[in-house]
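Visitor: Here's a structure for you.
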Amino acid sequence: MTKYLVGLASGVALLGIAANAYAASACEGAELVQDGKLLVAYNGDMPGTGLKDGKLIGIDGKIMNKVAEKLGVTVEPQMMEWSAEIESVKSRRVDIMHGMMGWTEQRTKAITMTDPIYYGGLLFTQKKGTGIDDFAKLKGKRVGTLQGFGFVPELKEIGVDLRLYDTSDAAIRDLSAGRVDVLILDPPLIQYTTFKQPDLGFESLPIKEQWDLKRPSLTDKYQVVFGLSLEAPKLAGCINEAIADLWKSCGNLQAASEFGFSDRFWFTPPSQSPRRGVDRAQDWAYPKLGSCN
């Protein structure tokens, strides 16, 4: 029996070594700043990124850990201000940046952006049971949002009683006190707040409206991506392969669910595909979840 157990343990160890060797060889020649390590820029804003016991946490952080595991490399977190992340990637001080970064055409000129790891879009946050999830139900309601948000002009056209705030905290207090009916804030922030503080009695409902050219800021969804140097195409390809595997296995959904992002809204792609002909082929399609339990 002892000999059998020793043999079994040796076999398991060999399988582990083989898996690591396979992961490393699968991305052989990747343009890593340091061999065997993935230097990751993050700013620590939850629910996207954070650090606990020396390991990345948050939705993006957990997904990054899974990607690194598939590549057979060790994550080396590098905390910095958001404004420094892109420059650190461009100058090759780090391999990759993350933290709920959305894809934009302008950013493609500075960095390489991966395939999306999940999607986002605006939410109507309200007290549970209110049931406001489209523009028709929004008319005449007291709606709170922040100064400077790009969709404010579109909201005014709908015909709402608009209340503008300087901070999210002030807006949340007013919803709790009943001074506004609906909030439209930063989607990940308000979703995470609702998850962490269930005593508020809030729910955030996705907007049930198709993409509308007249209201693009309110109806569009966005892609959350990682960013790499334009000089690291092999590494970017390997990371995209790992991301594709996570979509198939629902690994990104599992990571996001730990932070209250289990609704399929966060994994349903936009109806528009602005990346085609920009940094993706014309026949490129958004990744979707595989069969999830």
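Read the figures in this text as sums done on the coordinates, not as results from a lab. Small disclaimer: the values here were computed from a predicted structure and weren't measured. Backbone-built Cβ (ideal geometry, glycine too); neighbour counts: all protein chains shown.
Visitor: Full-extension gain between D134 and L230, please, as 0.36 nm times their residue separation minus the C-alpha to C-alpha distance.
Guide: Full-extension gain reported as 30.5 nm.
Visitor: What is the magnitude of the charge dipole of the range 123-206 about its Cα centre, with +1 placed on the Cβ of each Lys and Arg, -1 on the Cβ of each Asp and Glu, and no other charges, expressed in debye to the nearest 20?
Guide: About 240 debye.
Visitor: Tell me which trypsin sites (Lys or Arg not before Pro) from the range 130-205 have a DSSP coil assignment and no more than 14 other beta carbons within 10 Å of their own.
Guide: K139, R179
Visitor: Can you sort M80, M64 from fewest to most other Cβ atoms within 10 Å of each residue's own Cβ?
Guide: Least to most surrounded, the residues fall as M80, M64.
Visitor: Using a 10 Å cut-off around each Cβ, can you sort E203, E81 from fewest to most neighbouring Cβ atoms?
Guide: Starting with the residue having the fewest Cβ neighbours, the order is E81, E203.
Visitor: Another question about this same structure. Given labels modelled 7 Å from the Cα in the Cβ direction, how far is it in nm from A244 to R92?
Guide: 2.7
Visitor: For A84 and A281, what is the calculated FRET efficiency with R₀ set at 30 Å and r taken between the beta-carbons, to the nearest 0.05?
Guide: 0.40
Visitor: Identify all lysines with a Cα-Cα distance to K128 below 28 Å; exclude those on the same chain that are fewer than 8 residues away in sequence.
Guide: K137, K139, K141, K156, K196, K208, K221
Visitor: Once you keep just the Cα pairs under 8 angstrom separated by 6 or more residues, what percentage relative contact order results for the range 123-206?
Guide: In percent, rounded to a whole number, it is 44.
Visitor: Tell me, what is the percent relative contact order of the chain, built from C-alpha pairs under 8 Å that lie six or more residues apart?
Guide: Value for the chain: 24 percent.
Visitor: How long are the three semi-axes of the equivalent ellipsoid of the range 123-206, in whole Å, if each is the root of 5 times an eigenvalue of the C-alpha gyration tensor, listed from largest down?
Guide: Values for the range 123-206, descending: 18, 14, 11 Å.
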